[in-house]
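Each value in this text was obtained by applying a stated rule to the coordinates, not by laboratory testing. Keep in mind that what you see is a predicted model, and the values were worked out from it rather than measured. Virtual Cβ from ideal backbone geometry, glycine too; neighbours counted across all protein chains shown.
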Ligand code: NDP
Ligand code: OXD
């Protein structure tokens, strides 16, 4: 079996090849930056592939996304049609994401930005916030990541609501579904967490209309994809006070350009797409297991639905 690996950095591609080579003895693992024989490649393991890269492989059996999202694969306008796409998911990713969501929701809930601003002025500023039980938080997306994040917030005592495309049941979480359930989900939300996939339906969903439906002074955490957010609408909502604070892990352009105003905005916390970044050894184990299973059985449980977009 021949696998071609692509990450934008040639060095990282080589590291992943070496690591997958160790986990898949007898398989040929090559970097997509310099494939010897495109006709031999049966699997592509990719993060943000270049347009046309995967179309060079006539014998491609499956594409593996090095990550949970597949938007970066579907962005390839020359993508071969009907080649299955395998997501990389697992407990490691959900654990990392629940840590990130708990950290940033608690930070907004306990008003840490104001506490730190007071410390900078040596001010003893005893900010009293409502208990978590009276703080309404909302999680957009109740898939692998959103479900565990919502359960974590419910476990901390928050009044937790979740929103998905289809009706879901998550213990401790009030679930809302579809377009009909969207307004009821947003109403009164004080801390909003976005964990939706990026699709034609969800692109630009974090916009002025959504911000205006939240409680005044709400906080927004975007840990999904940059194009979910209409950047200028956030800047305007922060200026008007409709939104008090935002934590952003993902951006329209990554890495976020060094002159981007988000870096220095006093109401925005920037993290560099690390909410749940897979490390190569863990991701490699999951990917190698998926490749072996796909080769043996022709399918795996973690197949994405390209038509649906996630
Ligand atoms: P899943 O595919 O498991 O879940 C997606 C969820 O979103 C489902 O609950 C789905 O509803 C819901 N959904 C999809 N479309 C809509 C819609 N139009 N309206 C309402 N709900 C919708 O995804 P994951 O939880 O694994 O990952 C979510 C995203 O997180 C990824 O696509 C990726 O972009 C991002 N991510 C970010 C990381 C980071 O480090 N910042 C790391 C990993 C992922 P239903 O249940 O009805 O299908
Ligand atoms: C992912 C990511 O999709 O890291 O897994 O963003």
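Determine, from the Cβ-Cβ distance of residue 134 and residue 112 and an R0 of 30 Å, the FRET efficiency 1/(1 + (r/R0)^6), rounded to the nearest 0.05.
The formula returns an efficiency of 0.95 here.
By how many degrees, 0 to 90 and rounded to 10, does the Cα axis of helix 144-155 deviate from the longest principal axis of the chain? So the helix axis and the longest Cα principal axis differ by about 30 degrees.
Residue separation of residue 231 and residue 75 scaled by 0.36 nm, minus their Cα-Cα distance, works out to 54.1 nm of gained length. Using the average count of surrounding beta-carbon atoms within 10 Å as a protection proxy, the listed peptides 17-26, 254-263 rank, highest first, as 17-26, 254-263.
For residue 122 and residue 166, what is the calculated FRET efficiency with R₀ set at 41 Å and r taken between the beta-carbons, to the nearest 0.05?
Details: r = 52 Å, r/R0 = 1.27.
Efficiency, rounded to the nearest 0.05: 0.20.
Considering only 242, 267, 81, the Gaussian network model of the chain with Cα springs below 10 Å gives its largest mean-square fluctuation to 81.
Helix 10-23 sits at what angle to the longest principal axis of the chain, using alpha carbons and giving 0 to 90 degrees rounded to 10? The angle comes out at about 70 degrees. Placing dummy labels 7 Å off each Cα toward the beta-carbon, the span from residue 267 to residue 156 is 2.1 nm. Taking other Cβ atoms within 10 Å as a rough exposure proxy, 2, 189, 91 sort from fewest to most as 91, 2, 189.
Working from label points 7 Å from Cα in the Cα-to-Cβ sense, the residue 59 to residue 203 distance is 3.6 nm. Each eigenvalue of the Cα gyration tensor of the stretch 265-308, multiplied by 5 and square-rooted, gives one semi-axis; in descending order these are 33, 16, 5 Å. Relative to the globular-protein estimate of 2.2 N^0.38 Å, the Cα radius of gyration of the stretch 40-101 stands at 1.25.
Roughly speaking, what is the centre-to-centre gap between the stretch 1-52 and the stretch 178-256 when only Cα atoms are used, to the nearest Å? Comparing the Cα centres of the stretch 1-52 and the stretch 178-256, I get a distance of 36 Å.
Legend: ranking of residues 163, 47 from fewest to most surrounding C-beta atoms inside 10 Å; resulting order 47, 163. Taking only the Cα atoms of the stretch 37-195, the radius of gyration and Dmax are 20.9, 68 Å.
Find the Cα radius of gyration of the stretch 155-201, compare it with 2.2 N^0.38 Å by division, and give the number to two decimals. Don't jump to the answer; show the numbers that get you there.
Working: Rg = 11.0 Å, N = 47, 2.2 N^0.38 = 9.5 Å.
Normalised Cα radius of gyration, the stretch 155-201: 1.16.
Helical content of the chain, expressed as a calculated mean residue ellipticity at 222 nm, amounts to -9500 deg cm²/dmol (DSSP H runs of 4 or more residues, -39,500 (n - 2.57) each, divided by residue number, nearest 500). Shown here: the stretch 146-301, whose C-alpha atoms stretch 57, 40, 32 Å along the first, second and third principal axes, sorted largest to smallest.
Computed over the Cα atoms of the chain, pair by distinct pair, the Kirkwood hydrodynamic radius stands at 20.7 angstrom. Largest GNM mean-square fluctuation among 118, 31, 166, using the chain with Cα springs under 10 Å: 118. Against the chain, whose longest principal axis is taken from its Cα atoms, helix 91-109 shows a tilt of about 20°. GNM remark for the chain: springs join alpha carbons under 10 Å apart, and the peak mean-square fluctuation among 293, 126, 285 falls on 126.
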